[in-house]
Amino acid sequence: MTIYVDPVGEASAYQAFSAPDLILITHEHPDHFNVDLLNALASNGTKIIANPAVFELLPEALQGMAAQMANGERTEVAGIGIEAVPAYNTTQERLRYHPQGRDNGYVLSLSGVRIYIAGDTEDTPEMRGLQDIDLAFVPMNLPFTMSVEQAADAVIEFKPKVVYPYHYRGNDVDQFKSLVDQSGAEIEVRLAKWY
């Protein structure tokens, strides 16, 4: 299956990939949600999963391909288990960016592997309480998400086997890797050139 999470940018960037079977949308900010791109990417077989706020913003044709998931809900699409994990800010001066109860992260379960895509969030109790995560994607994009230290501390607590920092916009991913490595938590940190 081809799965996209929060696809944005130009449709030409996706030409090398298969049409998506599944598109997950975490929230409505324009660096995560683009109706024009969704119209260009979605085909008859595409299933879209979105939080309720995004679902309401979808045009009717896309709503026909979509299902909404609120925090804590679970579903299955083509044999893939999907859990909507709350994604929100906890620091007082950041609360306006991602209010509690609106946005989603997702845990996907497929072929015995659990993948966590955090969306835009801080190190919430729900994140810290995750279990049996094989692969995690966590953001470090101040002031909107977490600091490097928050992200490292959360990852050390929920202990995914492998973690990718993403959505880090110039934050020090080497520092993140160092903090996780020094913890002795036996988590593999993989660094990639992402925004």
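Numbers at a glance
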quantity: Residue in segment 114-137 that is among the basic types (Lys, Arg) and under 24 Å from PRO7 (Cβ atoms) present; calculated: yes
quantity: Filtered residue count, segment 141-167, keeping only those that are out of contact with any Ser or Thr (no Cβ under 8 Å at 6 or more places or on another chain) and β-branched (Val, Ile, Thr); calculated: 4
quantity: Residues located in segment 76-87, provided they are out of contact with any helix residue (DSSP H, G or I) (no Cβ under 9 Å at 6 or more places or on another chain), crowded, with 17+ Cβ neighbours inside 10 Å and not hydrophobic (A, V, I, L, M, F, W, C); calculated: GLU83
quantity: Residue tally, condition in contact with a Phe, Trp or Tyr (Cβ under 8 Å, 6 or more places away or on another chain) and in contact (Cβ under 8 Å) with a residue 12 or more places away in the chain, over segment 51-66; calculated: 3
quantity: Among residues of segment 3-30, those that are within 19 Å of GLU76 (Cα to Cα) and in a loop (DSSP other than H, G, I, E, B), counted; calculated: 4
quantity: Yes/no for ASP172 being over 18 Å from the mean Cα position of the chain (by Cα), within 24 Å of ASP31 (Cα to Cα) and outside the structural domain of THR26 (by TED's automatic domain parsing); calculated: yes
quantity: Complete set of residues in segment 167-188 that are surrounded by fewer than 19 Cβ atoms within 10 Å (Cβ to Cβ), modelled with pLDDT of 90 or more, not in a helix (DSSP H, G or I) and not acidic (Asp, Glu); calculated: SER183, GLY184, ALA185
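Residue-by-condition table, conditions (1) at pLDDT 95 or above; (2) under 16 Å from the mean Cα position of the chain (by Cα); (3) assigned to a loop (DSSP other than H, G, I, E, B):
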| site | (1), (2), (3) |
| --- | --- |
| ILE49 | yes, yes, no |
| GLU56 | yes, no, no |
| GLU76 | yes, no, no |
| GLU83 | yes, yes, no |
| ASN89 | yes, yes, yes |
| GLY101 | yes, yes, yes |
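The values are calculated or read from the model by the stated rules, or taken from the named source; none is laboratory data. Since the structure is predicted, the reported quantities are computational estimates derived from the model, not experimental observations. When we count neighbours, we look across all protein chains shown, and the Cβ atoms used for this are built from the backbone with ideal geometry, even at glycine.
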